[in-house]
Every structure is written in structure tokens, then in C-alpha cells.
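Asks: Before I ask anything, let me first share the structure, which is written out below as C-alpha cells.
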Amino acid sequence: MEKEAILELRNIRKVFDKTVALDSVSFSLYPGEIHGLLGGNGAGKTTLMNILYGLYRKDDGEIDFHGKKLNIQGPRDAINHGIGMVHQHFLQIGNYTVLENIVLGTNVAHPGTMKLDAEANKIIELGNRFRLPVDPNAVVDTLPVGTRQKVEILKALYRGVEVLILDEPTTNLTPQEVDDLFESLRVIVNEGLSIVFITHKLREVLHVCDRITVLREGRNITSLTRAEASEEIFVRAMVGDQMNIEDSVYFSHGSMANTAVDESSNPALEMQNVSWKTKEGISRLSGLNFQIKRGELFGVAGVAGNGQRELAECVTGVIIPTDGRILMDGRDVTALPVCELLKGRISYIPEDRLHDGFLPKANVAQNLILGYHRQKPYCEGVFIKWNTVYDKVRDAIGEYKIKTNGPEDPGGNLSGGNIQRVMIARAFSMDSQVLVAHNPTRGLDIPSMDFVYNKMLERKKTGAATLLISEDLDELLLICDRVAVLYRGQIVGILDRKDFDKYAIGRLMSGIQAEETADLRAAS
Amino acid sequence: MESLITFLRLTLLSMVPFVLAAQGTMLGGRAGVFNVAQEGIMLVGASLGFIGSYLAGGSTLVGILAAMLVGGIFGLALAYFTTSLKMNQFVIGLSLLFIGTGLSTLIPKLVIGVTLSQPLIPTLKDLPIPLLSNIPFLGRVLFSHNILVYFSILLSIGLWYFLFRTQLGLELRSVGENPNAADSLGINTSKHRYVTAVLGGMLIGLAGAYLPMVYTGTFTEGMVKGRGWLTIALTFFAGWSPLPVLYGSLFFAGIEVASYRFQAGGIAIPYQYLLMVPYLATILVMMFTFRKTRVPGFLGNNYDREKRSL
């Protein structure tokens with residue numbers, strides 16, 4: 001079946017400052033297909049599609065659409081030609097309604113009065129047709145992530161696109177929502193549209209895509225149909241020869257995680273009825289109870305914004321619980337200041353590295369000792385021993401493969417992935433009883449993720465505990481001994497490794513079981 | 001009764017500079033451009049409004065147009081440096097403030113020279129609305145004012161309708177909330193920022209011209225007396241919305257009139273304390289309302305399409 005490609009990108013090149021983001025990349029799209037664009041972080045997938053959508057200007061190369069040369073100056077041109085894009089970070093106006101967000105930038109029937117009944121009906125009709133039901137009058141900020149994504153897809157469909165680009169659409173969705181999304185995508189391509197599906201997740205690509213193109217470091221690696229494809233081929237295409245796949249944790253399907261946990265002694269961390277309320281009295285965490293044993297890797301799953309950040313900050317002492325106690329090794333540490341906790345008890349990889357973990361104006365060495373700068377061996381009395389610091393920092397830069405011009409390079413010069421490496425290197429630089437890692441592998445490529453997993457698994461040998469809070473369910477299932485699910489600030493279930501089931505956790509994440517129990521309680 | 005009518009009349013009269021300047025600030029802010037040069041733009045507007053009128057032989061219209069023109073130029077400068085050159089809005093705003101303050105005293109010296117007593121221009125006449133102005137009480141309070149009082153009320157209502165009931169208003173607000181989203185839907189963010197910054201500057205310039213044209217008939221150094229700064233506070237506590245801006249302006253004007261009345265009334269309080277009242281009121285009002293109001297999400301920031309976020 002030789003079909004004519006509707007879209008051809010040829011030899012696209014893009015340079016940011018001095019970094020080559022895309023080096024002569026080509027890509028073609030056939031009508032009615034879901035085309036996966038696969039690659040690790042920094043492979044150039046999003047950059048390529050942003051060029052197609054007119055958000056970035058290309059430095060070189062050509063785009064053909066329906067056999068004609070296409071010159072795109074901005075998103076408006078792309079939309080007019082029938083190309084739509086759903087970004088990973090939704091581009092929505094939070095305080096607008098669904099309806100307002102969708103019609104924004106289009107010509108409405110009554111621009112002088114904004115009576116939008118016709119538009120609302122069209123959105124409802126589209127929603128039914130493509131299995132993307134939404135309430136047009138709901139305010140976007142109040143909607144869960146899964147619904148906001150439907151809004152984003154409807155936004156493109158409303159504009160009558162022929163080509164729909166989805167950038168990492170499954171981030172933050174529960175497994176059930178992912179299935180629903182894939183079903184909708186099938187309906188969409190069955191109506192003759194084409195979809196570009198950007199992702200770094202192999203399993204999704206194999207599950208839903210008709211053809212797959214792999215990028216690595218801004219270059220084409222391979223293009224295959226699903227029939228020709230296998231996980232093995234993609235793994236090699238994505239990571240190249242930088243890592244030994246047989247020995248990796250990432251591709252081990254969880255067989256590397258051992259469950260040797262020290263049950264005998266006091267738990268490394270114990271949460272007793274921990275609650276936290278905002279100043280306005282809104283409850284963010286309520287009645288958390290769990291124990292993490294020595295040598296245990298304890299995972300916390302949940303859709304972002306269900307109290308993960310507050311949990312991490314309570315354990316690390318950044319905020320103090322409004323109720324309940326936190327014990328470490330049997331000792332109450334609830335109100336201990338952060339600097340005390342950092343002395344061998346806690347280490348922390350914060351989620352929001354730019355706001356909570358990193359000083360862009362300070363140099364790499366200063367960033368690497370931040371928080372530990374009061375402790376030996378970095379400090380003697382009131383003076384910092386810079387010779388020791390620089391020695392240690394040079395070691396860390398080598399071990400954690402931080403790409404930098406040296407310890408005195410300003411932190412702001414590092415790329416996002418390298419800043420994350422600094423966070424990780426710092427957290428592992430001192431022994432700690434409990435490591436709190438919040439989305440530690442965000443923005444890392446597969447070999448680096450593997451490195452982090454190995455480091456976390458190593459902690460088990462010394463009896464150190466880890467609290468891994470992650471939005472990546474696959475990651476939790478891969479290495480954790482137990483996984484708790486956080487929903488609206490409550491723990492709605494804790495599963496042992498033998499009971500791990502993606503869909504069961506997905507149900508808990510969307511609060512289904514929690515509401516059922518509540519209903520039962522109400523009934524009895 | 002008579003004193004109540006006078007108080008309300010004066011309040012409406014004194015409301016105008018607040019309304020015009022705050023609506024101008026609000027308009028730019030709705031597209032993300034945060035103007036902090038009000039005090040300077042109002043001063044230069046007052047200065048040029050006075051001189052324009054003086055040179056044209058007492059023509060109010062020329063004065064008004066001169067003030068709006070110079071205000072628009074300041075708005076254009078703010079838009080250019082922040083939107084096209086992506087420079088910090090506060091730094092540019094403060095520079096414009098000082099330029100405006102300096103020009104406001106320099107220009108009269110160049111044009112008129114140093115004189116013992118400044119020349120006077122005719123002040124704006126009251127235009128009673130036929131029939132309506134005959135209504136007892138209300139007629140005198142509401143319907144016999146100069147044209148800018150009516151204009152400032154109609155402007156507030158018009159802006160409300162424009163922002164919340166038209167497609168263009170929806171698009172404008174989206175630029176100030178999330179320009180990434182607006183841009184991705186083909187909305188020209190720079191155009192919105194330029195147009196609103198210029199229109200906003202024109203309104204602020206006009207607010208300045210009101211002072212010599214209604215209050216004093218002449219320009220004196222520093223005659224804006226902090227009204228420009230109060231405008232910023234007013235815009236915040238009005239939540240960057242046109243109608244609350246109007247109510248807030250009434251409130252500030254009321255306090256201003258009251259503090260002058262007390263001074264004139266010879267109450268035994270040192271007048272310096274009475275002069276503080278508007279500013280104290282600002283702080284008190286902000287304490288109680290500020291937490292509840294919201295500001296446009298992208299206020300004070302510059303948008304750069306190709307800037308990569310980490």
C-alpha cells in the first residue's frame with residue numbers, strides 16, 4: 001500500500017545559541033496514520049514539531065504539505081493550513097471557560113456580544129463524535145488534567161485540523177485515561193486525520209502507533225512500521241551504544257529490585273497521622289500513616305497536585321505538619337529545622353529544581369554543596385574549605401557526568417538535564433537515613449535514569465531508606481518495594497510488590513475506590 | 001443638604017484623574033504591560049496640556065490633544081522597550097517616570113520662560129445635560145459637570161463591555177493571562193501590547209491635563225501630588241477590572257475631598273496629618289481587599305516566543 005505522504009519535512013536544522021538541536025532531520029506523515037515520534041529527552045522531537053507548528057523558525061530545510069512547499073511564519077499559518085498541536089504543558093487560559101479557551105483566536109458568530117450558543121453546540125457535537133466529552137461552561141482551572149487534555153484536543157479539532165500533533169500526551173494521565181485517549185485517537189484517524197504522537201515511552205508507541213520515527217540528539221535514527229518494530233530495536237535506537245542494556249535496571253522489567261528489608265529495627269521513617277493545612281485552612285494532607293523500613297524503597301504514586309509536594313516538604317522539614325508526628329528511627333523529628341535534618345538524616349531531590357533546589361547565579365561547586373556547606377568536610381568553624389570542596393566537586397562532576405566547563409561555571413549555564421544531575425549528585429553526596437526523591441528522573445535520558453535507579457537500589461544495601469514520589473508509574477513499579485497512592489491529600493491504598501497492578505493503582509489514583517468506600521460507609 | 005451636594009459634586013469632579021489614569025493602567029496591564037510611570041506621564045500631560053492650551057490661545061481641545069499625544073508617546077516607548085527589546089518593565093517605567101517629571105518643568109521654562117506669576121488658561125466649563133440636570137439633588141450631583149466627568153464614566157462602562165463582552169476583549173485578556181496560549185492560537189501578542197500601552201498612555205496623559213484644566217488653570221511643579229502612585233494601588237485593589245476601578249476612584253476622590261474640607265473647616269488637626277489620609281486609606285484598603293483580588297497572570301512580564309524554558 002504505497003500512499004502519498006501528505007506532509008514531508010526534509011533536512012530540518014535548528015540551532016539554539018550554540019547547541020545544534022536538530023541536524024538535518026527528515027520526517028514524513030501519511031494520511032490516516034498515527035505516527036510515533038520517539039526519543040529521549042533532548043532528542044529534538046518537540047523542537048521539530050514546534051517548527052512545523054510555527055513556534056520556532058527553522059534555520060534550514062523544507063516542509064511540503066500536500067505536495068506544495070509550505071512557508072510557516074507563525075502558529076496562525078499552521079492553523080490555517082490545518083495543522084494543530086497539543087503541547088505537553090497545556091496552553092490554556094486558566095480562568096477562562098472551556099468554551100472561551102476553544103473559540104479563542106477564531107472568528108465567532110457574534111464578536112460584538114459573545115453569544116456563543118452555536119459554538120458551544122459545535123463543541124458538544126465534536127465531543128460526542130470523538131469521545132471527548134467536556135462541559136463547555138466549566139472553568140478550565142477547576143478541571144482535572146485528563147479533561148484539560150480533552151479540551152486541548154478539541155481546540156485543534158474545532159479548528160478543523162488535518163494533522164494533529166500531540167506532545168507527550170500521556171504525562172500525568174492514569175492508565176485508564178491513557179486507554180481512553182488512545183481510543184479517541186483511533187476514532188480521529190478513522191475519520192481521515194493524521195496524528196503525530198511525540199513520546200519517550202516505548203510501550204505506548206508499540207501500542208498505538210502505525211509507524212514510528214526515532215530521533216536521538218537531533219538526528220534521524222530510524223523509521224519503521226509497527227510490524228517491523230520491537231522493543232529491542234527501539235531501545236538500541238534510542239540509547240545508542242552508551243549503555244549496556246542487559247545490565248540496566250530500566251530494561252529489566254523489575255527483576256533487579258530486591259525486597260530485602262530490615263524488619264527487625266525501628267522504621268527509618270514513620271508518619272503518624274500527619275496532616276497539613278494551608279494558612280487559609282485548606283487541607284492538603286490529611287491523616288497520613290505509614291512506615292518506611294530500613295533498606296526499603298517506598299514509592300508514592302498519584303496524579304500531580306494531590307499533595308505530593310506537601311508530603312515531600314513535611315518529611316524534609318521545609319513545612320511543619322499542622323497535626324501529627326514524624327519519627328525517624330523512633331525519635332520525634334517533627335519540628336526539627338531543616339539544617340538539623342540535613343545532618344545525616346534526610347537528603348532531598350526537590351521536584352521544582354529551579355525554584356527549590358538550584359541557584360542559577362551561583363557556580364556549580366556552590367550548588368553542589370548547598371545545604372551541606374555547614375558540615376564537615378566542607379566546613380571548619382565558620383570557614384568553608386574551598387580546596388576540599390573543589391576536590392569533591394570535581395569527583396562528582398566526573399561520576400555524575402555533569403556537562404559543564406568546570407566547578408566555577410555559573411549554574412545557569414547548565415541545561416535542564418544537567419541541573420537535575422547536580423540535584424542528584426548533591427542528594428547522594430552525603431549519607432542519609434532517608435532520601436526523599438520527588439520526580440528525580442524528570443528530564444533525564446534513559447542511561448541517566450538507569451544510573452539514578454542503580455544509585456537508589458544501592459542504598460538498600462546499607463539499610464538506608466528511600467521515599468520516591470513520582471508521577472511516572474512505570475518507574476515506581478520498576479524499583480519500589482511498596483507503593484502508596486496519594487489522592488486529595490490522603491493515602492488511599494498501599495500495595496506490596498507482589499500485588500502491583502497498573503490498573504488497580506490507576507483506579508486508586510483517580511479516587512474511584514476511595515469514593516466507593518465512602519459510599520459504602522454512607523450506606524451503612 | 002447643601003454641603004452634602006457640594007461634597008458629592010466635588011467627589012465626582014475629583015474622581016476623573018483617578019479614573020482616567022487607572023483605566024489606562026488597567027488597559028495596558030490586561031495585555032501584560034505594567035506601567036509604573038503614571039506620576040511622570042501625568043506631570044508631562046499636565047504640563048503639555050497647559051502649554052498646548054496656552055499657545056493655542058486658550059483652546060481646551062488643543063491642550064487635551066497635546067496631553068494625549070505625549071502620553072501616547074510615553075506608552076509607545078514603554079511598549080517598544082519592553083515588548084520589542086524585552087527589557088525590564090519596572091526599570092523602563094521608572095526611567096520614563098523621571099523623564100516625564102523632568103520634562104514637565106523644563107518645557108514651560110523653555111516655552112514661557114521664567115515669570116513671576118504663571119499665565120492662566122480657561123478651565124473646562126460645566127455642561128449641564130438638558131432635562132436631567134433639572135432633577136432635584138441628582139441633577140446637580142450627577143448631571144451638571146464638565147465633559148471629562150461624563151467621559152470617564154462612559155469610558156469605564158465601555159471598557160467593561162469591550163473586555164468582557166467582545167471577541168477582541170477576550171483575545172486581549174488572554175495575552176495578559178498566558179501569552180504562550182494566545183500566541184499558539186495565532187493571536188498577535190505584540191500588537192495587543194503596543195495598542196493597549198499607547199492607548200493607556202494617552203489616558204494617563206489626559207488624566208494629568210485635567211489638573212490644570214479643571215483645578216488650577218495653570219501648571220505648577222509636582223502638581224500631580226502622588227495621584228499617579230495612588231493609581232497603581234487603585235488598579236490593584238480594583239482587581240484590574242474597569243467597573244471596580246470606577247468605584248475605587250470614587251472612594252479615593254471622596255477621601256481627597258474630605259481631607260481638603262477638614263483643612264478648610266479649621267478643625268484643630270495639623271494639616272500634615274490630613275494630607276496623609278489618602279495614603280493611609282490606601283494601605284488600609286489594600287490590607288482588607290488585596291488578598292481577594294487577582295491580577296492578570298502575565299502582568300509585568302515580557303513574552304519571547306523562542307525562549308526555551310528549562
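The values are calculated or read from the model by the stated rules, or taken from the named source; none is laboratory data. Note that this is a predicted model, so its numbers are computed, not measured. Heads up, the Cβs are rebuilt from the backbone with ideal geometry, glycines too, and the neighbour counts pull from every protein chain shown. Surface areas here come from the heavy atoms of the whole protein model, side chains and all, with no ligands, DNA or RNA. Shrake-Rupley method; radii C 1.70, N 1.55, O 1.52, S 1.80 Å.
Asks: Comparing the chain by itself with all protein chains present, which residues of segment A:132-157 are at least 10 Å² less accessible (probe 1.4 Å)?
Replies: Listed by number, the residues meeting the 10 Å² cut-off are A:K155.
Asks: Can I ask one more? Give the residue list of chymotrypsin sites (Phe, Trp or Tyr not before Pro) in segment B:67-111 that are DSSP loop and have at most 15 other beta-carbon atoms within 10 angstrom.
Replies: Qualifying residues, ordered by number: none.
Asks: Over segment A:7-247, what percent of the accessible surface lies on carbon and sulfur atoms, probe 1.4 Å?
Replies: 45
Asks: Based on Cβ point charges of +1 for Lys and Arg and -1 for Asp and Glu, what charge dipole magnitude is obtained for segment A:7-247 about its Cα centre, in debye rounded to the nearest 20?
Replies: 640
Asks: Convex hull volume of the Cα atoms in segment B:26-103, per residue, in Å³?
Replies: 78
Asks: Determine the order of B:V195, A:V178 by accessible area, beginning with the largest, at a probe radius of 1.4 Å.
Replies: B:V195, A:V178
Asks: Same structure again: Once the other residues with Cβ under 14 Å from the Cβ of A:V86 are scored (Lys, Arg +1; Asp, Glu -1), what is the net sum?
Replies: With Lys, Arg at +1 and Asp, Glu at -1, the neighbours total +2.
Asks: Rounded to two decimal places and with Rh computed the Kirkwood way over Cα pairs, what is Rg over Rh for segment A:407-497?
Replies: Here Rg/Rh amounts to 1.00.
Asks: With an 8 Å Cα cut-off and a minimum separation of 6 or more residues, compute the relative contact order for chain A in percent.
Replies: 15
Asks: Just to be sure I understand the interface: list residues from segment B:182-215 that lose 10 Å² or more of accessible area between the chain on its own and the complete protein assembly, 1.4 Å probe.
Replies: Listed by number, the residues meeting the 10 Å² cut-off are B:D183, B:S184, B:L185, B:G186, B:I187.
Asks: Assuming a ≥ b ≥ c are the square roots of the Cα gyration tensor eigenvalues, decide whether segment A:416-459 counts as rounded (a/c under 1.5), prolate (otherwise, with a/b larger than b/c) or oblate.
Replies: On the way: a/c = 1.95, a/b = 1.45, b/c = 1.35.
Prolate shape, in that a/c is at least 1.5 and a/b is the bigger ratio.
Asks: Compute accessible area for segment A:1-42 by itself and then with all protein chains, 1.4 Å probe, and report residues whose area falls by 20 Å² or more.
Replies: Listed by number, the residues meeting the 20 Å² cut-off are A:F16.
Asks: Can you list the DSSP H helices in chain A whose Cα atoms extend at least 15 Å along the helix axis and whose mean Kyte-Doolittle hydropathy is -0.5 or higher?
Replies: Values: long enough: A:117-129 (18 Å, -0.76); A:145-158 (19 Å, 0.04); A:175-190 (23 Å, -0.02); A:386-399 (19 Å, -0.79); A:416-429 (20 Å, 0.28); A:446-461 (23 Å, -0.71); A:512-523 (16 Å, -0.31).
Length and hydropathy pass: A:145-158, A:175-190, A:416-429, A:512-523.
Asks: Exposed loop GluC sites (Glu not before Pro) only (DSSP loop, at most 14 other Cβ atoms within 10 Å): please give the longest stretch of chain B free of them, not including the sites. Numbers along the way, then the final one.
Replies: Details: sites that count: B:E221, B:E306.
That would be B:1-220.
Asks: Taking each pair of distinct Cα atoms in segment A:7-247 once, what is the resulting Kirkwood hydrodynamic radius in Å? Numbers along the way, then the final one.
Replies: On the way: mean 1/r = 0.0535 Å⁻¹.
The answer is 18.7 Å.
Asks: If I compute solvent accessible area with a 1.4 Å probe over the protein chains, what percent of it on chain B is carbon and sulfur?
Replies: That fraction is 71 percent.
Asks: Could I ask something else about it? Relative to the longest principal axis of chain B, what angle (0 to 90°, nearest 10) does the C-alpha long axis of helix B:2-30 take?
Replies: Taking Cα atoms only, the helix is inclined about 20 degrees.
Asks: While we're looking at this one, here's another question. Got a number for carbon plus sulfur as a percent of segment A:375-508's accessible area, 1.4 Å probe?
Replies: 48
Asks: Taking Cα atoms, how many degrees apart are the long axis of helix B:167-177 and the longest axis of chain B, rounded to 10 and kept between 0 and 90?
Replies: Taking Cα atoms only, the helix is inclined about 80 degrees.
Asks: Looking at the protein assembly as shown, send over the antiparallel percent of its DSSP beta bridges, to the nearest 5.
Replies: Rounded to the nearest five, the antiparallel share is 55 percent.
Asks: Still on this model: Ranked from the most accessible area to the least, with a 1.4 Å probe and all protein chains present, what is the order of B:S156, B:S133? Can you show the working numbers first?
Replies: On the way: B:S156 0, B:S133 25 Å².
Largest accessible area first, the residues go B:S133, B:S156.
Asks: Still on this model: Can you say what percent of the DSSP beta bridges in segment A:7-247, counting only those with both residues inside, are antiparallel? Round to 5. The partial results should precede the final answer.
Replies: On the way: 21 of 39 bridges.
About 55 percent, rounded to the nearest 5.
Asks: Quote the total accessible area buried by chains A and B together, excluding ligands, DNA and RNA, probe 1.4 Å, nearest 100 Å².
Replies: Using a 1.4 Å probe on protein heavy atoms, the buried area is about 2500 Å².
Asks: While we're here: For A:L269, list long-range residues whose amide hydrogen, built 1.01 Å from N in the peptide plane, is under 5 Å from its own amide hydrogen.
Replies: Excluding prolines and chain starts, which carry no amide H, the hits are A:I292, A:D329.
Asks: With loop defined by DSSP as not H, G, I, E or B, and exposure as at most 13 other Cβ atoms within 10 Å, which is the longest segment of chain A clear of exposed GluC sites (Glu not before Pro)? Intermediate results must be reported in sequence, preceding the final value.
Replies: Details: sites that count: A:E2, A:E4, A:E191, A:E263, A:E280, A:E408.
Between exposed loop sites, the widest span is A:5-190.
Asks: Given segment A:339-488, what percent of its DSSP beta bridges are antiparallel, to the nearest 5?
Replies: In segment A:339-488, approximately 25 percent of DSSP beta bridges are antiparallel ones.
Asks: If you take every residue apart from B:K225 with its C-beta less than 15 Å away from the C-beta of B:K225, what net charge results, scoring Lys and Arg +1 and Asp and Glu -1?
Replies: Around B:K225, the charge tally is -2.
Asks: Now a separate question. Answer rounded, prolate or oblate for segment A:128-195, using the Cα gyration tensor with square roots of eigenvalues a ≥ b ≥ c: rounded when a/c is under 1.5, else prolate when a/b is larger than b/c, else oblate.
Replies: The shape class here is oblate.
Asks: Helix B:38-55 against the longest principal axis of chain B: what's the angle in degrees, Cα atoms only, rounded to the nearest 10?
Replies: 60
Asks: How much accessible area per residue does the protein assembly as shown have, counting only protein heavy atoms and a probe of 1.4 Å, in square angstrom? Walk me through the numbers on the way to the answer.
Replies: Working: 36700 Å² over 834 residues.
It amounts to 44 Å² per residue over the protein assembly as shown.
Asks: Given the alpha-carbon gyration tensor of chain B, what are the semi-axes of its equivalent ellipsoid in whole angstrom, ordered largest first, with each equal to the square root of 5 times an eigenvalue?
Replies: After scaling each eigenvalue by five and taking roots: 32, 23, 19 Å.
Asks: I've got another one for you. Quick check: from the Cα gyration tensor, does the protein assembly as shown come out rounded (a/c under 1.5), prolate or oblate?
Replies: It comes out prolate by the Cα gyration axes.
Asks: Here is a follow-up. Within straight cross-link reach of A:K361, meaning Cα distance under 13 Å, which aspartates and glutamates are found once same-chain residues fewer than 8 apart are removed?
Replies: A:E408, A:D409
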